[in-house]
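**Student:** Sharing a structure here in structure tokens format.
The values are calculated or read from the model by the stated rules, or taken from the named source; none is laboratory data. Small disclaimer: the values here were computed from a predicted structure and weren't measured. Every residue, glycine among them, receives a Cβ derived from its backbone with ideal geometry; neighbour counts consider all protein chains shown. Protein only, heavy atoms only, side chains kept; ligands, DNA and RNA dropped before computing areas. Shrake-Rupley method; radii C 1.70, N 1.55, O 1.52, S 1.80 Å.
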Amino acid sequence: MSFSKHVATYTDPQPTEISSILQGGYHHPLLRLWQNERQLTKATFIYPLFITDDPDEETVIDSLPNQKRWGVNKVIPYVRELVSKGLTSVILFGVPLKDGVKDPVGTAADDPNGPVITTIKALRENFPKLFIACDVCLCEYTSHGHCGILRDDGTLIREESVRRLAAVAVNYARAGAHCVAPSDMVDGRILAIKRGLIDAGLAHRTTLLSYSAKFSGNLYGPFRDAAGSAPSFGDRKSYQLPPGGRGLARRAIERDLAEGADAIMVKPSTFYLDIVSDAKGIAKNVPVAVYQVSGEYAMLHAAAEKGVVDLKTIAFEAANGCLRAGASLIISYFTPDFLEWLDEPLY
Ligand code: PB1
């Protein structure tokens, strides 16, 4: 074909090889969906819930759009609505607000009348099919706000921290949690929790989801606002991984698998998809989860409010990025939105 009337003596650019033609593989919306190696489903998403020690609390979290702090009496009707839309799993974060509850060892973390244990029981009673995970950490319950027990010099005492974290995890499992997810990053806590679950006769019915590759950084602010869990001094850089620590992440994932993790997690998500890809390469035989953390979630909302992105489109792009990198589970504050978006026509 000649384009002589536009470009003198221009001839039709014949592809050198048949394989040069790719667009036939994605010219239709369904074809573009078929290009995904993994498809998003409602079961992909785990929804974080903030539970306080006031049973009737329902408080908007200003720094986390569309998220609230819940008391056990108010969270049940909220979860009922989400379960009716297809919610399959939650992860609980206790947020003790009563004065005097916090102490140096995080005693309140596994208070049998505290927010997490009471909510585990209420959710199990109301929603027999709902998968209940519990974050295991001390930072929401310690007076100093760090994720473990400290020496006088402010450094973590590994052995005491690990013993305390294992006790908390076992008590959550004993209360009925299907999964315990230690986010503390203390060395050796996976082995201690696994041994604790075995000794308690609970290992067969409790999934140990390790936050294996969890990086320190600037993306947890809204969560810390919501949970009142910011450290009272210093930071978490001595026990969360440095953002540049790709090798450390690989070693932590290998270690946690060897210590008995049933699933591993990378956190945060979008800025760490290379780590997700490494994680899937290492943890071929277990589920890899990723946590789209509060700062990432709030940034997408802020960008959408500024008109920089379309919220639904960018939320799908971020979630599909996590799947493309190798994750099969996503902890996300967008979960309620996806329960509705995934009911809408695919195109
Ligand atoms: O959404 C988020 O930002 C999650 C924050 C995360 C919860 N697992 C922690 C990060 C932090 O505050 O350092 C809590 C640590 N136990």
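**Student:** Just to be sure I understand, how many residues within the range 166-210 are touching a Ser or Thr at 6+ places or on another chain (Cβ under 8 Å) and open to solvent by 10 Å² or more (accessible area, probe 1.4 Å)?
**Tutor:** Residues flagged as touching a Ser or Thr at 6+ places or on another chain (Cβ under 8 Å) and open to solvent by 10 Å² or more (accessible area, probe 1.4 Å) within the range 166-210 amount to 1.
**Student:** While we're here: Kindly list the number of the only condition in (1) within 15 Å of the ligand (Cβ to nearest atom); (2) free of Cβ contacts under 8 Å to residues at least 40 places away in the same chain that fails for residue 204.
**Tutor:** Condition (1) is where residue 204 drops out.
**Student:** Another question, then. I need the full set of residues from the range 227-243 which are under 21 Å from residue 51 (Cα atoms) and open to solvent by 30 Å² or more (accessible area, probe 1.4 Å), in order please. It would help to see each step written out before you state the result.
**Tutor:** Restricting attention to the range 227-243, the residues satisfying the condition of being under 21 Å from residue 51 (Cα atoms) are 227-231.
Within the range 227-243, 228, 230 meet the criteria.
**Student:** Condition check: within 16 Å of the ligand (Cβ to nearest atom), open to solvent by less than 50 Å² (accessible area, probe 1.4 Å) and either under 16 Å from the mean Cα position of the chain (by Cα) or at pLDDT 95 or above (or both). Does residue 296 satisfy that? Walk me through how you get there before you give the answer.
**Tutor:** On the way: within 16 Å of the ligand (Cβ to nearest atom): yes; open to solvent by less than 50 Å² (accessible area, probe 1.4 Å): yes; either under 16 Å from the mean Cα position of the chain (by Cα) or at pLDDT 95 or above (or both): yes.
For residue 296, the condition - within 16 Å of the ligand (Cβ to nearest atom), open to solvent by less than 50 Å² (accessible area, probe 1.4 Å) and either under 16 Å from the mean Cα position of the chain (by Cα) or at pLDDT 95 or above (or both) - is met.
**Student:** Next question, about the same structure. Determine whether residue 262 is closer than 22 Å to residue 192 by Cβ and open to solvent by 50 Å² or more (accessible area, probe 1.4 Å). Reasoning before the result, please.
**Tutor:** Working: closer than 22 Å to residue 192 by Cβ: yes; open to solvent by 50 Å² or more (accessible area, probe 1.4 Å): yes.
Against the criterion (closer than 22 Å to residue 192 by Cβ and open to solvent by 50 Å² or more (accessible area, probe 1.4 Å)), residue 262 qualifies.
**Student:** Having 1 or more residues that are open to solvent by less than 10 Å² (accessible area, probe 1.4 Å) is the bar; report the strands (runs of 3 or more DSSP E) wholly within the range 16-133 that clear it.
**Tutor:** Output list reads 45-52, 89-95.
**Student:** What number goes with the only condition from (1) within 13 Å of the ligand (Cβ to nearest atom); (2) in contact (Cβ under 8 Å) with a residue 24 or more places away in the chain that residue 275 does not pass?
**Tutor:** All conditions are met except number (1).
**Student:** Quick check on the range 211-226: of everything there that is more than 7 Å from the ligand (Cβ to nearest atom) and in contact with a Gly (Cβ under 9 Å, 6 or more places away or on another chain), which residue is most open to solvent (accessible area, probe 1.4 Å)?
**Tutor:** Ranking the qualifying residues of the range 211-226, first place goes to 218.
**Student:** Follow-up question, since we're still on this one. Do we find a residue being touching a helix residue (DSSP H, G or I) at 6+ places or on another chain (Cβ under 9 Å) and β-branched (Val, Ile, Thr) anywhere in the range 207-221?
**Tutor:** Checking the range 207-221: not a single residue is touching a helix residue (DSSP H, G or I) at 6+ places or on another chain (Cβ under 9 Å) and β-branched (Val, Ile, Thr).
**Student:** From the list 267, 306, 280, exactly one residue is at pLDDT 95 or above, within 15 Å of the ligand (Cβ to nearest atom), charged (D, E, K, R) and open to solvent by 10 Å² or more (accessible area, probe 1.4 Å). Which is it? Reasoning before the result, please.
**Tutor:** Numbers: 306 fails: within 15 Å of the ligand (Cβ to nearest atom); 280 fails: within 15 Å of the ligand (Cβ to nearest atom).
After ruling out the rest, the residue left standing is 267.
**Student:** Moving on. Looking at this structure, is residue 233 within 27 Å of residue 262 (Cα to Cα) and either aromatic (Phe, Trp, Tyr) or more than 11 Å from the ligand (Cβ to nearest atom) (or both)? Step through it out loud before you land on a result.
**Tutor:** Values: within 27 Å of residue 262 (Cα to Cα): no; either aromatic (Phe, Trp, Tyr) or more than 11 Å from the ligand (Cβ to nearest atom) (or both): yes.
So residue 233 does not fit the description; no.
**Student:** Checking the conditions here, which among 175, 181 is closer than 16 Å to residue 132 by Cα and in contact with a strand residue (DSSP E or B) (Cβ under 8 Å, 6 or more places away or on another chain)?
**Tutor:** On the way: 175 fails: in contact with a strand residue (DSSP E or B) (Cβ under 8 Å, 6 or more places away or on another chain).
From the options 175, 181, the qualifying one is 181.
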